[in-house]
Amino acid sequence: MISTDMIREAITQNEILSQPRCWEACFKALDESNQLERAGKQLDKDAEYLFIGCGSSYYISQAAAASWEMITGSRAWAVPASELLLFPDLVLSGSAKCQPILVSRSGHSSEVVQAAQYLERARKIRTLAVSCSEHHPLDEISASTIYLLPADEKSVVMTRSFTSMLLGLQSLAAWFANRQEITAGLRQLPAGVQPILDSVNRRIQEFVKTRTFADYVFLGQGPLFGIASEGQLKIKEMSCSYAQVFHTMEFRHGPKAIVGPETLITFLLSETGYAAEREVLEEIKELGGTTLVIANKADAATRRKADFLVELGLEIPECVRLVAYLITCQLLGLYTGLKKGYDIDKPRNLARAVILNRNGG
Ligand code: F1P
């Protein structure tokens, strides 16, 4: 059971709950340091944007690439650093000028550092890095780095560093494309998300206390697929539970075979694909699955099919709402891990960064 001692001591919990304040501090630091303008001036309107990372930072890259394309109209895609290292021609096949953006909380992950070395030295391609710390191998190699220092964290698993680096990249896209309504929307997030965080933090503890699941599925489409991917990773990292991610509509094509009351299916419903994604929700509920639904606005049909509903109600552009969807997934992972008696601050088998020795072991 969740003992008050364990909750009081979990650094990771405090860092999850600190996010709105942390985002405020990151926006202030970006403004005062003029980093967006300095980095933005180096970017090329005709380039294609390749986002690269590992683990949670790869999932940031997925959500950032989708956001970048929605905000700037420039082609953008994401790959894990290993894919660039092992199949460089597959990744860099396009003819257009490629602008790589490397994402790493620590700046020490060997695969990301090797990817920067390969791009800068072997391919003579200038890279931009994004990190929550300074003075590390990645910022020594990359042509320039955007720092989100207020978002650095003690926890092993990435929480506020994830949301803050994604907001930093969305802010850069908005600056680069001169989309002031996006910048305005981003700056409304801290105040808009705080009450959601407070209510979900209370409600989800009760939900986790009263329910036990054998496995977890996270579903999302478009820019929400990267967020759903991070959701499944948080459950794995913080509670050592079995979790999977799919595009919502893909879940029908076979994976729905696993549905039962002991399976918790988390739907990150988009606005763009709402009607089609809700039909999957209705079908999965008919099959007897337990459903957790996060949506900006929920209609009566969705309310009827949700065992746990989070309605964000944020009056800001869709692609700016991504981080608000992730909070619930982070808290679900935290309280499920505490319920199973895990020390969230020392997740099993994990370190803050994956550092490989010379021969890659
Ligand atoms: C990336 C990462 C984390 C993961 C674990 C190991 O680190 O894969 O996403 O949770 O902590 O490191 P980084 O390159 O962003 O520092």
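Considering region 51-98 alone, what residues qualify as being open to solvent by 20 Å² or more (accessible area, probe 1.4 Å), away from the ligand (no atom under 16 Å from the Cβ), outside any helix (DSSP H, G or I) and closer than 21 Å to Y118 by Cα?
W77, F87, L92, S93, G94, S95, A96, K97, C98
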Checking T127 against (1) closer than 21 Å to G231 by Cα; (2) in contact with a Pro (Cβ under 6 Å, 6 or more places away or on another chain), only one condition comes out false. Which one? (1)
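Being open to solvent by 50 Å² or more (accessible area, probe 1.4 Å) and either farther than 23 Å from V323 by Cβ or in a helix (DSSP H, G or I) (or both) is the filter here; which residues of region 283-298 pass it? I'd like the intermediate steps shown before the answer.
Of all residues in region 283-298, those open to solvent by 50 Å² or more (accessible area, probe 1.4 Å) come to 283, 285-287, 297.
Within region 283-298, E283, K285, E286, L287 meet the criteria.
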Of the residues in region 154-170, those that are over 15 Å from the mean Cα position of the chain (by Cα) and open to solvent by less than 10 Å² (accessible area, probe 1.4 Å) come to S155
Output for Cβ contacts, cut-off 7 Å, separation at least six or different chains, first residue under 14 Å from C26 (Cα atoms) and modelled with pLDDT of 95 or more in region 153-176, second among the hydroxyl-bearing types (S, T, Y) and not in a helix (DSSP H, G or I), reads E153/T159; R160/S18
Identify, please: which residue in region 105-117 is in contact (Cβ under 8 Å) with a residue 60 or more places away in the chain and out of contact with any Phe, Trp or Tyr (no Cβ under 9 Å at 6 or more places or on another chain) and is, among those, farthest from the ligand (Cβ to nearest atom)? A115
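Residues that are within 16 Å of the ligand (Cβ to nearest atom), of a type in the set (S, T, N, Q), open to solvent by 50 Å² or more (accessible area, probe 1.4 Å) and part of a loop (DSSP other than H, G, I, E, B): does region 340-350 have at least one?
Yes, there is a match, as at least one residue in region 340-350 is within 16 Å of the ligand (Cβ to nearest atom), of a type in the set (S, T, N, Q), open to solvent by 50 Å² or more (accessible area, probe 1.4 Å) and part of a loop (DSSP other than H, G, I, E, B).
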State whether one or more residues within region 321-330 are more than 16 Å from the ligand (Cβ to nearest atom), in contact with a helix residue (DSSP H, G or I) (Cβ under 7 Å, 6 or more places away or on another chain) and among the polar types (S, T, N, Q). yes
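The values are calculated or read from the model by the stated rules, or taken from the named source; none is laboratory data. Owing to the predicted nature of the structure, the values given are computational and were not obtained by experimental measurement. Reconstructed Cβ throughout: ideal geometry from the backbone, glycine too, with neighbour counts over all protein chains shown. The accessibility values were calculated without ligands, DNA or RNA, using every heavy atom of the protein model including side chains. Shrake-Rupley method; radii C 1.70, N 1.55, O 1.52, S 1.80 Å.
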